[in-house]
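Take a look at the structure set out below.
The values are calculated or read from the model by the stated rules, or taken from the named source; none is laboratory data. Worth saying up front: this structure is predicted, and the values here are computed from it rather than measured. Every residue, glycine among them, receives a Cβ derived from its backbone with ideal geometry; neighbour counts consider all protein chains shown.
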Amino acid sequence: MNSPAPSRARISIIGAGPGGLTCARILQRHGMTVTVHDRDPGPDARDQGGTLDLHADNGQIALREAGLLDEFLALCRPEGQEMRRLDPAGRTTFHHIPEAGELFKPEIDRGRLRTLLLDSLQPHTVHWGRALQTVGGPADGPRLLHFADGTTLEADLVIGADGAFSRVRPAVSPAVPEYTGVSFLEAWFSDVDNRHPDIAELVGPGSAAAADGDRGLFAQRNGGDHIRVYIIRRVPADWISRSGLAADDTAGLRARLLDEYAQWSPRMRRMITDNDGPYVDRPLFALPVPHTWEHHPTVTLLGDAAHLMPPLGVGVNLAMLDASELALALANAATVDEAVRTYEKTMLPRSTETARMLDGAAEHLLSADDPDLGDDGTRP
Ligand SMILES: Cc1cc2nc3c(=O)[nH]c(=O)nc-3n(C[C@H](O)[C@H](O)[C@H](O)COP(=O)(O)OP(=O)(O)OC[C@H]3O[C@@H](n4cnc5c(N)ncnc54)[C@H](O)[C@@H]3O)c2cc1C
C-alpha cells in the first residue's frame, strides 16, 4: 500500500498522557484529523500523580508548538525549583534557591497539565474507556486496532503513547521493561501548612531529597498545599507480598518502614509515618538500553512507550518533545512513512543517549552524595 499524505491519513494515538495529548494538539493546530484512545474511563478516573518540572529546552518547546506556553507559565510554580538536600538527621547539606524570574524548570501538577492539554483539543478527540489490546493488520497498513471492549478500528498510522507497559510496542519491538531493583512507596500529606507544619518546613516550596546509601526519601511540594513523599528502597518488586503484607495494610507497612529507617531522626521519620491515607506502591521499571526498532511505515512510539527510564526528571519532557517533533514531521512531510522516518531519525538517537546516561541511575536515588545539579537537566 502506498503511504498516504498525513492530511488524509487516519491517525490514532493510543494514550492520553502528556505525550499523546501534546501530539494530538499540535496535529490539530496543523489541520490534521486525529483520535486519541485511553483505557481510563474518563479524565478524572484516577489520581494523575505528582508534580512535574517542564524544562525550557524540551517540555516547554513542545508547549510553545502547542500554543500553550503562556498558559503554562501562568499556571506553573517557579518557586517549585527550590531544591534541598537533607541528611538522615534532617540537616540541610545543600540548598538551591532559584533566582527571581528563573523559569528553566518550573513545576506543574500533572493533573493541571493534563487539563490544560485536554481543554485545548477539539471536542470528542479523546475516546475514554478504550483499552487497546493488540495492533493487527499488515505492516504497510491499514492497521487494525483491537480494543478490550471488543471493538476494532482501522488506522493508517498508530502512535503508541501508552506508557511503560505499552500495548502498541509489540508491533515494532519485542522489548519489555525490566525492574530496576528500586521501588518507590508514595505517601501523601494534605493541608500541610496547617496539619503537617514540620514536614512543610523541611521540604520548603520545592523539593527535598535525603538518602543514606541504602534507602532514601524524595519529597515534593505540589499545588494545593499538598506534599508527596517517595520512600525509596532497594527491594524486590514484590516486596510487599514477600513480607507477608498487603498493599492496603498501612499499619503493617508503616511498622516495617519505621524499622528500616530506625537510624533516621524522628523528624525525618515523620515523612514516612504521618501520611494521610494509604501508601501507593510504585516499583520502578526501565526498558533495556539501547531500545530501538526497525522502521515501520504505519506504527511508531513516543514517550515512555519508546524509552522508559528511571524517573530522574526527564521522562515527561522527552515524551512531550517526541510528541511535538512527530506532529511537526507529519505536518511537513509528503507521506506518513516519510514523517515517521524523519521523526525516528532524531528521536531514537536522542533517547538512546539519555537512556545510556540514566542506565542504572535508579541507584543514584539512594546515594548519600550531594546531588550534581548539572546541565544534564536531571534531578538528584
Ligand atoms: C513516581 C514517578 C515520578 C515521576 N516524576 C517525573 C518528573 O518529576 N519529571 C519527569 O519528567 N518525569 C517524571 N516521571 C516520568 C513521567 O511520569 C513519564 O515519563 C511520563 O508520564 C511519560 O508520558 P507518556 O505520555 O509517554 O506516558 P504516560 O504518562 O504513562 O501516559 C500513558 C497513557 O496511556 C494510557 N494507556 C496505557 N495503556 C493503555 C492501553 N492499553 N490502551 C489505551 N490507553 C492506555 C494511560 O491511561 C495513560 O493515560 C515520573 C514517573 C514516576 C513513576
Do we find that L144 is of a type in the set (A, V, I, L, M, F, W, C), assigned by TED's automatic domain parsing to the domain that holds A24 and within 22 Å of the chain's Cα centre (by Cα) in this structure?
no
Residues of region 255-300 being over 30 Å from A329 (Cβ atoms), charged (D, E, K, R) and touching a residue at least 24 places away in the same chain (Cβ under 8 Å), in sequence order, are E260, R267, R270, D274, D276, D281, R282
State yes or no: is T115 under 21 Å from the mean Cα position of the chain (by Cα) and either of a type in the set (S, T, N, Q) or part of a strand (DSSP E or B) (or both)?
yes
Taking first residues from region 301-321 that are in the same structural domain as I159 (by TED's automatic domain parsing) and without any contact (Cβ under 8 Å) to a residue 24 or more places away in the chain and second residues anywhere that are assigned to a loop (DSSP other than H, G, I, E, B) and more than 6 Å from the ligand (Cβ to nearest atom), the pairs with Cβ under 9 Å that are 6 or more apart or on different chains are G315/L308; G315/M309
Exactly one of T250, T273, T342, T354 is over 17 Å from D162 (Cα atoms), surrounded by fewer than 17 Cβ atoms within 10 Å (Cβ to Cβ), among the hydroxyl-bearing types (S, T, Y) and at pLDDT 95 or above, and that residue is T250
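Can you tell me which residue in region 149-167 is farthest from R282 (Cα to Cα), limited to those that are more than 8 Å from the ligand (Cβ to nearest atom) and under 25 Å from the mean Cα position of the chain (by Cα)?
Filtering region 149-167 down to residues more than 8 Å from the ligand (Cβ to nearest atom) leaves 149-160.
This time we only want the ones that are under 25 Å from the mean Cα position of the chain (by Cα), so: 157-160.
On the way: L157: 32, V158: 28, I159: 26, G160: 22 Å.
Selected residue: L157.
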Here the qualifying pairs (Cβ atoms under 8 Å; residues six or more apart or on different chains; first in region 71-94 and surrounded by fewer than 18 Cβ atoms within 10 Å (Cβ to Cβ); second among the aromatic types (F, W, Y)) come out as A89/W264
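Need a quick list: strands (runs of 3 or more DSSP E) entirely within region 175-261 having at least 2 residues that are touching a Ser or Thr at 6+ places or on another chain (Cβ under 9 Å). Lay out the reasoning, then the answer.
Working: elements: 178-189, 207-211, 215-222, 226-234.
Qualifying strands (runs of 3 or more DSSP E): 207-211, 215-222, 226-234.
Test R167 against the criterion of being in a helix (DSSP H, G or I), in the same structural domain as Y343 (by TED's automatic domain parsing) and buried (at least 19 other Cβ atoms within 10 Å of the Cβ), and give yes or no. Steps first, please.
Numbers: in a helix (DSSP H, G or I): no; in the same structural domain as Y343 (by TED's automatic domain parsing): yes; buried (at least 19 other Cβ atoms within 10 Å of the Cβ): yes.
No, not satisfied.
For region 122-139, what are the residues that are away from the ligand (no atom under 12 Å from the Cβ), on the phi < 0 side of the Ramachandran plot and surrounded by 14 or more Cβ atoms within 10 Å (Cβ to Cβ)? Write out each step before concluding.
The first filter runs over region 122-139 and keeps only residues away from the ligand (no atom under 12 Å from the Cβ), leaving 122-125, 136-139.
From the residues that got through so far, the ones that are on the phi < 0 side of the Ramachandran plot too are 122-123, 125, 136, 138-139.
Of everything in region 122-139, just one residue is away from the ligand (no atom under 12 Å from the Cβ), on the phi < 0 side of the Ramachandran plot and surrounded by 14 or more Cβ atoms within 10 Å (Cβ to Cβ), namely T125.
So how many residues does region 293-327 have that are in a loop (DSSP other than H, G, I, E, B) and either of a type in the set (G, A, S) or within 12 Å of the ligand (Cβ to nearest atom) (or both)?
First, pick out the residues of region 293-327 that are in a loop (DSSP other than H, G, I, E, B): 293-298, 302-303, 308-314.
Filter again for either of a type in the set (G, A, S) or within 12 Å of the ligand (Cβ to nearest atom) (or both), leaving 302-303, 308-314.
Here the count works out to 9.
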Residues of region 216-238 being more than 20 Å from the chain's Cα centre (by Cα) and surrounded by fewer than 17 Cβ atoms within 10 Å (Cβ to Cβ), in sequence order, are G224, D225, P236, D238
